[in-house]
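Take a look at the structure set out below.
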Amino acid sequence: MSRISVCIPVYDTEQYLAQCLRSVYTQDFADFEVVVVSDASPGRDEKGRSAKKIVKIAQKEADSYRKAQNLPPVKIRFVEHRENRGCVEVRRTLVYESKGTYIAMIDSDDEYIDGALSTLYAAALEKDADVVHGMFVSGEYDGNGVFHATKETKCGRIFLGTKEGLNIARAWSAGLLSGNVCGKLILRSVFEKAFAEIPYTECNMADDLLIFFFVSINARRYVGIENKVYRYRINSGMSSDRKIDTLKKWKLICTSSSVFAIISAWIKEHDSVTEENQSEPLLSETDLDHLGRVTLSYLASNVRQLHYSVIPELQDEARQMLGEYWGESFVQKVVHALGELEEI
């Protein structure tokens, strides 16, 4: 068993996978594995290589590099879904395929900063933490391959210090720290408990939010550290505006509604104060209001994607599907709030 499993999901983002893998296998940490899961991705990089081919080449490069640097070898394993399942299920497969004590998720278009794994693991041991959260550096590369940092985005929101027990979930719900699973080192057992609470869910939006909610419920101690560990490439991932030309792709967008339905159902079941249970609820009214505003923001994003990303031939069916998943009256309210046409 490795100390860390570095987990990389691939969904049509092969363009940067080789660079991501290079940032991983060049880490100075001694005991880790790498697991790559492709969500039946048809993507290719600029050289026409599939994710499987990129991983095969990266393994050879890793063997050569780590031998030259007198570092222990690193095994890079590749797993592929036969059909597209969406982001939540890719991350579930990554967790179940992993063998490390801790899991470090990294998206295939991002990179680790040198020394990231050593820094995260040292903090986990020193603080006896289930979750260690490092700082992001957000930015993009220019045509010469030079990375230019930009102002930190909400993805890099971090609480510097320690939170314990249910205060982790409260800090997340209050917006004190991001719900990204990337840029964090998390006990595999905590991930497993989280996924035990999450039913099979096909979606391509709000997956991090869903998973980290249940991670925060099951974690014992969170520690946020000032060290920069993660290089986040802006405007390159699943959240960017891309043409949606099949109802299957659109369904994976609409099903972000299920994320909030799952969380709301859990809160309703576990977070009520009754005559038998006089304890203080997990989430305050302010926390629930924050979660409600996050829910609205995701539906608003769906509405904008319908308008700007779905091809004209699918507009009518896509609009109907949006109402089926989110509720027609809810969709109408958001459409009006955004100033969009009712027949969008």
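The values are calculated or read from the model by the stated rules, or taken from the named source; none is laboratory data. These numbers were taken from a predicted model, which means no experiment stands behind them. Here the Cβ is made from the backbone with ideal geometry for all residues, glycine too, and neighbour counts use every protein chain on show. Heads up: the accessible areas ignore ligands, DNA and RNA and are worked out on the full protein's heavy atoms, side chains in. Shrake-Rupley method; radii C 1.70, N 1.55, O 1.52, S 1.80 Å.
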For K243, counting only lysines whose alpha-carbon sits under 17 Å away and dropping same-chain residues fewer than eight positions off, the answer is K251
For I244, other-chain or 5+-apart residues with amide H closer than 5 Å (H placed, Pro excluded) are V310, I311
Heads up, the stretch 20-136 by the C-alpha gyration tensor (a ≥ b ≥ c square roots of eigenvalues; a/c under 1.5 rounded, else a/b over b/c prolate, else oblate) looks oblate
Most packed first (mean Cβ within 10 Å per residue), the peptides 206-217, 222-233 order as 206-217, 222-233
In nm, the gap between the two label points placed 7 Å beyond Cα toward Cβ at K47 and R77 is 2.6
Summing -39500 (n - 2.57) over every DSSP H run of at least 4 residues in the chain and dividing by its residue count gives a helix-only mean residue ellipticity at 222 nm, to the nearest 500 deg cm²/dmol, of -13500 deg cm²/dmol
Taking a ≥ b ≥ c as the square roots of the eigenvalues of the Cα gyration tensor, with a/c under 1.5 meaning rounded and otherwise prolate when a/b exceeds b/c and oblate if not, the stretch 142-250 is oblate
One point scatterer per Cα, no solvent, Debye formula: log10 I(q)/I(0) for the chain at q = 0.07, 0.11, 0.15 Å⁻¹ comes out as -0.30, -0.75, -1.36
Distance in Å, no decimals, from the C-alpha centre of the stretch 218-236 to the one of the stretch 291-340 is 31
With the dipole of the stretch 294-335 defined by +1 on each Lys or Arg Cβ and -1 on each Asp or Glu Cβ, the option from Y298, I311, S329 whose Cα lies farthest towards the positive pole is Y298
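Calculate what fraction, in whole %, of the accessible area of the chain sits on carbon and sulfur atoms when a 1.4 Å probe is rolled over the protein chains.
Values: 7860 of 16080 Å².
Here it works out to 49 percent.
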A correct Karplus calculation of ³J(HN,Hα) over the stretch 133-144, with 6.51 cos²θ - 1.76 cosθ + 1.60, θ = phi - 60°, whole Hz and x for Gly and Pro, returns 10, x, 8, 8, 10, 9, x, 8, 8, 8, x, 9
Around D114 (Cβ within 11 Å, Cβ-to-Cβ, excluding D114; K/R +1, D/E -1) the net charge comes to 0
The size of the Cβ-based charge dipole (Lys, Arg +1; Asp, Glu -1) of the stretch 111-194 about the Cα centre, to the nearest 20 debye, is 400
If unit charges are put on Cβ atoms (+1 for Lys and Arg, -1 for Asp and Glu) and the dipole of the chain is taken about its Cα centre, the option from I8, G224, G115 lying farthest towards the positive end turns out to be G115
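Please give the length that would be gained between Q15 and L160 if that part of the chain were fully extended, namely 0.36 nm times their separation in residues minus their C-alpha to C-alpha distance (nm, one decimal). Write down the numbers at each step before the final one.
Numbers: separation 145, 0.36 × 145 = 52.20 nm, distance 3.31 nm.
Between Q15 and L160, full extension yields an extra 48.9 nm.
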With +1 at each Lys and Arg Cβ and -1 at each Asp and Glu Cβ, the charge dipole magnitude of the chain around its Cα centre, to the nearest 20 debye, comes out at 1280
HN-Hα couplings for the stretch 101-115 via Karplus (6.51, -1.76, 1.60; θ = phi - 60°), in whole Hz with x for Gly/Pro, come out as 5, 10, 10, 10, 8, 9, 6, 6, 9, 10, 8, 8, 7, 3, x
Quarter of the surface of the C-alpha convex hull for the stretch 133-173, i.e. direction-averaged projected area in nm², equals 3.6
One would report the antiparallel percent of DSSP beta bridges in the chain, rounded to the nearest 5, as 35
Taking the dipole of the chain about the Cα centre (Lys, Arg +1; Asp, Glu -1; charges at Cβ), the one of Y96, N235, S50 that reaches farthest to the positive side is S50
With the 1.4 Å probe rolled over protein heavy atoms, the chain has an accessible area per residue in Å² of 47
At the level of C-alpha centres, the distance separating the stretch 173-214 and the stretch 56-107, in angstrom, is 19
For the stretch 14-24, Karplus-derived ³J(HN,Hα) couplings (6.51, -1.76, 1.60; θ = phi - 60°; whole Hz; x for glycine and proline) come out as 5, 3, 10, 4, 4, 5, 4, 4, 4, 5, 8
Computed from the beta carbon distance with a Förster radius of 45 Å, FRET efficiency for L247 and N144 to the nearest 0.05 stands at 0.65
Burial-style ranking of 195-205, 157-167, average other-beta-carbon count within 10 Å with highest first, yields 195-205, 157-167
